[in-house]
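Trainee: Here's a structure for you.
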Protein chains: 2
Amino acid sequence: MSPRRSVADTLETRQRILDRSLAIASAEGLEGLTIGRLATELGMSKAGLLGHFGTKEALQLAVVDQAAEVFLREVPRKVKQMPSGLPRLIDVCEAWVSYLEREVLPGGCFFTAATAEFDGRSGRVRDALAGMNALWRRDLRIHIRRAVSDGDLKPDTDVEQLIYEILGVMLALNHFLQLEHDSAAPRRARQALKRLLTK
Amino acid sequence: MSPRRSVADTLETRQRILDRSLAIASAEGLEGLTIGRLATELGMSKAGLLGHFGTKEALQLAVVDQAAEVFLREVPRKVKQMPSGLPRLIDVCEAWVSYLEREVLPGGCFFTAATAEFDGRSGRVRDALAGMNALWRRDLRIHIRRAVSDGDLKPDTDVEQLIYEILGVMLALNHFLQLEHDSAAPRRARQALKRLLTK
DNA sequence: CCTACCGATCGGTAGG
DNA sequence: CCTACCGATCGGTAGG
């Protein structure tokens, strides 16, 4: 008789599903990710695939986690782990621009696309996306506050305003890259950031 | 025998379809707009509805036009038609912020949502969205150039950079309003614009 | 503008 | 992990 799949095999299959799901979802949206299509592309049955997650919503939530994992690997964990503060913030923003510029995921930033897709809905997927956004802003907030107390940003810096403007630069970068394929956009992003992050 | 519907009635029905379509599409996306759902909400048959447009893609293109019509009515045509230049640019940006702040459409800016949804695809809907974006940037470009030649913006102003940054402010505004329901976002947008549009 | 219908695909389940 | 199936819905058409 054929042996059961090992736990390692099961996890590997699950990871294969997630990797492909993230690629599809970042290019065509979390709803464009359908069970049937995903199963066909992976060469497995819908039932076999769904067995790993249970429902489509559970799959979507797992994809959100996977997207966060990729972003964290490519941006904050990629920069030198120097103490929080302005140099770290500058490095993080540069890694962020580079992440979008290199098109690590087809279709650009998964979170930008998924947030725009789900922000008008309710439910666990929307809440998960909002939570990830909040966590990331928290990171930025910590760096900015440190930069201010270090004297590297003006003492009257409006922290939330700066977070708002940094996010605007990144949203515009994603927009110009994805819709216009504008190769000048990363330069524009870097210039805008330079002005924002200079005392 | 019952009389044929008049041309005026037909146009009125078409407009009813478009108004409802735009509301659905801006809240849930241009793909979330399905013929069956739209027909149910409007109390008509799918066939009767499709007769006005022919295909779903043609309906989507008509919705893009309708969204442009609403945006043009609410933003550039709403401000005093003073000569192009910095005062006009400031008025236009304020009308733009106000348009998003008042949530004229459920789900915020139709173009932001639709662009994020279609930027990874190909076809006529994507092209129409890209065209509308380009037309609007052209408007902004004209105002900025005039402001520079009027001496109201610095002579070394990087026009495309400024367009990039204004768009970033608006994308961030839509993001914070829709995902976070952050009532401070319009104030942040106005502050960012004030800095961008001061010599 | 309608009824009646088409094949395809959706998410999901039963049972193994 | 599979086959075989479910009801619902998709965009669209025939015919009136």
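The values are calculated or read from the model by the stated rules, or taken from the named source; none is laboratory data. Bear in mind that the values here come from a model prediction, so they are computed numbers and not experimental data. A quick note on method: Cβ atoms are made from the backbone with ideal geometry, for glycine too, and the neighbour counts reach across all protein chains shown.
Trainee: List pairs: first in segment A:147-176 and facing chain B (nearest Cβ under 10 Å), second outside any helix (DSSP H, G or I), Cβ under 6 Å, 6+ apart or cross-chain?
Mentor: Pairs found: A:Asn174/A:Gly108; A:Asn174/A:Cys109; A:Phe176/A:Asp182.
Trainee: Another one. Cβ-Cβ below 7 Å, separation at least six or inter-chain, first residue in segment A:25-36 and over 18 Å from B:Gly123 (Cα atoms) and within 9 Å of DNA strand C (Cβ to nearest atom), second of a type in the set (Asp, Glu) and modelled with pLDDT of 95 or more: which pairs?
Mentor: Listed pairs, sorted by first residue: A:Glu31/A:Glu117.
Trainee: Could you look through segment A:12-31, keep only residues that are within 12 Å of DNA strand D (Cβ to nearest atom) and aliphatic (A, V, I, L, M), and pick out the one that is farthest from the chain's Cα centre (by Cα)?
Mentor: It comes out as A:Ile17.
Trainee: Could you say which residue among B:Leu105, B:Leu129, B:Leu61 is aliphatic (A, V, I, L, M), farther than 28 Å from B:Asp9 by Cα and more than 16 Å from DNA strand C (Cβ to nearest atom)? Walk me through it before giving the result.
Mentor: Working: B:Leu105 fails: farther than 28 Å from B:Asp9 by Cα; B:Leu61 fails: farther than 28 Å from B:Asp9 by Cα.
Just a single option satisfies the conditions, and that option is B:Leu129.
Trainee: Go through segment B:132-152 and give me each residue that's of a type in the set (A, V, I, L, M) and under 15 Å from B:Leu197 (Cα atoms). Explain how you work it out, then say what you get.
Mentor: Of all residues in segment B:132-152, those of a type in the set (A, V, I, L, M) come to B:132, B:134-135, B:140, B:142, B:144, B:147-148.
Correct list: B:Leu140, B:Ile142, B:Ile144, B:Ala147, B:Val148.
Trainee: What are the pairs, 6+ residues apart or on separate chains, where a residue within segment B:119-132 that is away from every other protein chain (no Cβ under 11 Å) and surrounded by 17 or more Cβ atoms within 10 Å (Cβ to Cβ) has its Cβ under 6 Å from a residue that is modelled with pLDDT of 95 or more and not in a loop (DSSP other than H, G, I, E, B)?
Mentor: Matching pairs, first to second residue: B:Val125/B:Gln60; B:Val125/B:Phe118; B:Ala128/B:Leu61; B:Ala128/B:Val64.
Trainee: If you don't mind, there's one more thing I want to ask. Looking at segment B:84-98, is at least one residue within 28 Å of B:Leu11 (Cβ to Cβ), more than 14 Å from every other protein chain (Cβ to nearest Cβ) and among the aliphatic types (A, V, I, L, M)?
Mentor: Of the residues in segment B:84-98, the ones within 28 Å of B:Leu11 (Cβ to Cβ) are none.
There is no residue in segment B:84-98 that is within 28 Å of B:Leu11 (Cβ to Cβ), more than 14 Å from every other protein chain (Cβ to nearest Cβ) and among the aliphatic types (A, V, I, L, M).
Trainee: Filtering segment B:32-63 down to residues that are within 7 Å of DNA strand D (Cβ to nearest atom) and among the charged types (D, E, K, R), which residue is surrounded by the most Cβ atoms within 10 Å (Cβ to Cβ)?
Mentor: B:Lys56
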